[in-house]
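Visitor: Encoded as structure tokens, here's the structure I'll be asking about.
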Amino acid sequence: MQNIEPFRHAHISTKTFPEKHRLSMWREIYGRGIANVDIEPIGDEPFHAEVMFNLLPNVGIAAGSRSPAHYRATPELSGRGRDVIGLSVLRSGAASIIQFGRELMSGVGSASVLTPSEPSTSTMLTHGSFITLALSRATIAALVPDLSQAFGQPIPSGSAALGLLTRYL
């Protein structure tokens, strides 16, 4: 695993980039350098995004907000994915996540389990916020029988287990 010590706590925001380069810098730093996605804003409003990262052994937590945009993990980019699973929770706004041909997000408080090794499209339809856990696939697979069956499955906001988890985040 890559040495994450220098990045244990990090915050990146388009507010810190020169205005005319915000989108291009976000695409390069976040899109290609961190998330392995292509980014396409929706609408004509100025692009904005920010994320705070907290990295622990076998767990990464990313919380942030962004303006409307598509974040696409193409087949080429998803092939570069890390050996993790993602649990993404919509905190505010309207969003859609599609993986394995299924829509995985059904409103604020809902979540989805994603694998970064497969293509997906995450779309923030309005200004909104999210929190995502990146969990070691090997560690979770040892605890969860048939882990691959969870991929592509939505987790409704009324889920008791999700409610317990989000209280800690």
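The values are calculated or read from the model by the stated rules, or taken from the named source; none is laboratory data. Note that the structure is a prediction, hence the values are computed from the model and not measured. Note that each Cβ is placed from the backbone with ideal geometry, even for glycine, and that neighbours are counted across all protein chains shown. Only protein heavy atoms, including side chains, enter the accessible area calculation; ligands, DNA and RNA are left aside. Shrake-Rupley method; radii C 1.70, N 1.55, O 1.52, S 1.80 Å.
Visitor: Only residues that are without any contact (Cβ under 8 Å) to a residue 60 or more places away in the chain and hydrophobic (A, V, I, L, M, F, W, C): list them for the stretch 131-149, please.
Guide: Across the stretch 131-149, the qualifying residues are ALA138, ILE140, ALA141, ALA142, LEU143, VAL144.
Visitor: Filter the stretch 90-104 for residues that are at pLDDT 90 or above and hydrophobic (A, V, I, L, M, F, W, C); which is farthest from the chain's Cα centre (by Cα)?
Guide: Among those residues, the one meeting the criterion is PHE100.
Visitor: OK, next. Go through LEU55, LEU77, LEU87 for me and flag whichever is modelled with pLDDT under 90, under 23 Å from PHE151 (Cα atoms) and assigned to a strand (DSSP E or B).
Guide: So the residue among LEU55, LEU77, LEU87 that is modelled with pLDDT under 90, under 23 Å from PHE151 (Cα atoms) and assigned to a strand (DSSP E or B) is LEU55.
Visitor: With the requirement that a residue be open to solvent by 30 Å² or more (accessible area, probe 1.4 Å) and on the phi < 0 side of the Ramachandran plot, what does the stretch 98-113 give you?
Guide: Residues satisfying the conditions are ILE98, ARG102, GLU103, SER106, VAL108.
Visitor: Counting only residues that are open to solvent by less than 30 Å² (accessible area, probe 1.4 Å) and touching an Asp or Glu at 6+ places or on another chain (Cβ under 6 Å), how many does the stretch 70-95 have?
Guide: The number of residues fulfilling the criteria is 1.
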